[in-house]
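J.: My questions will all concern the structure given below.
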Amino acid sequence: MIAGAAIFGHQAAMTPDRLVALERVLNFRDFGGYDTPDGRVARGKLFRSAHFHEASEADVARLDALGVRFIVDLRRSDERTSEPNRWPGESVRSIASDEGVTSAFPPHLQALLQSDLTPASVEGYMHSLYRDFASQPRHIQLYTEWFRELAAGEGAGVIHCAAGKDRTGLGCALTLHALGVDEETIFADYELTNQAMNIDARLPRIQARMEERLARKLNPDALRPMLSVDVAYLRTAYDAIDKQYGSLDGYLAVLGVGPAQRGVLRVRYII
């Protein structure tokens, strides 16, 4: 397993220009700029983020200036309904899906209703979540759309979910892998969410909101494994992909990203 200390010594540092400072949008950052055997991933083309429900007018103006052509929203319909995006406008193609969704109650809230809620039980839930990410029909559809749009034309793309860390984290990892970025750097970029999200400052507000919705008291230590990322989670997703699809490349092929498509992506996004 890749250790966090080793990761932060690699090329995925949280440089000031990587995190786009917005007033009311969390974890919006450029995940380009990493070295590959063929060059470097372009900056200003690949963005990841949390949702845009609370975006301020200043946020919207700054986001509009980025030249984004499309956005893939990995959230479920209940998430999109309860916290609809205030950005982007009609000039940006927005892609979402409810393929295979059978419950209107968010899975993470179901997990917090466990009677034996502990940090260990929530961590176990996160591993189970990551184990199933790649095989979910909705994720297959949306990751496929993400790669199709990346290959289709000029302009920047944004991939996001609610917090921009789990579903988004896997999508970004797959993207960087397809572009030839090494695994250590990919895991490092994933882990940068822990710096970008400032969990300690946000935890009391999140805890209060979840307690109100669930009508029960929550242990803040039990919430931390759900609010942060851990490289072990992403490793679990990778292991599940290896088991079901043979390899990351095998899974990318399911998403329509074979050798020819990867060549197109590298022409577009490697400088």
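The values are calculated or read from the model by the stated rules, or taken from the named source; none is laboratory data. Computed from a prediction, not measured in an experiment: that's the story for all the values here. Using ideal geometry, Cβ is built from the backbone for each residue, glycine included, and neighbour counts are taken over all protein chains shown. Only protein heavy atoms, including side chains, enter the accessible area calculation; ligands, DNA and RNA are left aside. Shrake-Rupley method; radii C 1.70, N 1.55, O 1.52, S 1.80 Å.
J.: Enter the angle in degrees (range 0 to 90, nearest 10) between the Cα long axis of helix 119-133 and the first principal axis of the Cα atoms of the chain, meaning the one along which they spread out most.
T.: The answer is roughly 40 degrees.
J.: Please report the orientation-averaged projected area of segment 112-271, defined via the convex hull of its C-alpha atoms, in nm². It would help to have the intermediate numbers written out before the result.
T.: Numbers: hull surface 41.2 nm².
Dividing the Cα hull surface by four gives the mean projection, 10.3 nm².
J.: For the chain, take the longest principal axis of its alpha carbons; what is the angle in degrees between that and the long axis of helix 167-178, to the nearest 10 within 0 to 90?
T.: 20
J.: With a 1.4 Å probe and all protein chains in place, put K217, K45, K165, K243 in order of accessible area, largest first.
T.: Accessible-area ranking of K217, K45, K165, K243, largest first: K243, K217, K45, K165.
J.: Still on this model: For the pair R224 and E184, how long in nm is the line joining their label points, each one 7 Å along Cα→Cβ?
T.: Computed distance between label sites R224 and E184 equals 2.7 nm.
J.: Any chance you could list the semi-axes, whole Å, largest first, of the equivalent ellipsoid that the Cα gyration tensor gives for the chain, using √(5λ)? If you can, show how the numbers build up before the last one.
T.: Values: eigenvalues 152, 93, 72 Å².
Sorted largest first and rounded, they come to 28, 22, 19 Å.
J.: Please report the carbon-and-sulfur percent of the accessible area for the chain; probe 1.4 Å, protein heavy atoms only, DNA, RNA and ligands left out.
T.: On the way: 6050 of 11680 Å².
Of all accessible area on the chain, carbon and sulfur atoms account for 52 percent.
J.: Report relative contact order for the chain in percent, whole number only (criteria: Cα-Cα under 8 Å, sequence separation at least 6).
T.: Details: 405 pairs, mean separation 75.1, N = 271.
Relative contact order, the chain: 28 percent.
J.: Also: S135 to N194: FRET efficiency via 1/(1 + (r/R0)^6), r the Cβ-Cβ distance, R0 22 Å, to the nearest 0.05?
T.: Details: r = 26 Å, r/R0 = 1.19.
Here the calculated transfer efficiency is 0.25.
J.: Residue farthest toward the positive end of the dipole of the chain, with Cβ of Lys/Arg at +1 and Asp/Glu at -1: which of L179, I271, L66?
T.: It is L66.
J.: Ok, one more. Quick check for you: with a 1.4 Å probe and neighbouring chains kept, what is the accessible area per residue of the chain, in Å²?
T.: On the way: 11680 Å² over 271 residues.
For the chain, the per-residue accessible area is 43 Å².
J.: At what distance in angstrom do the alpha carbon centres of segment 141-184 and segment 231-271 lie from each other?
T.: Distance between centres, Cα-based: 10 Å.
J.: What distance in nm separates the simple spin-label points at E23 and I206, each placed 7 Å from Cα in the Cβ direction?
T.: 2.4
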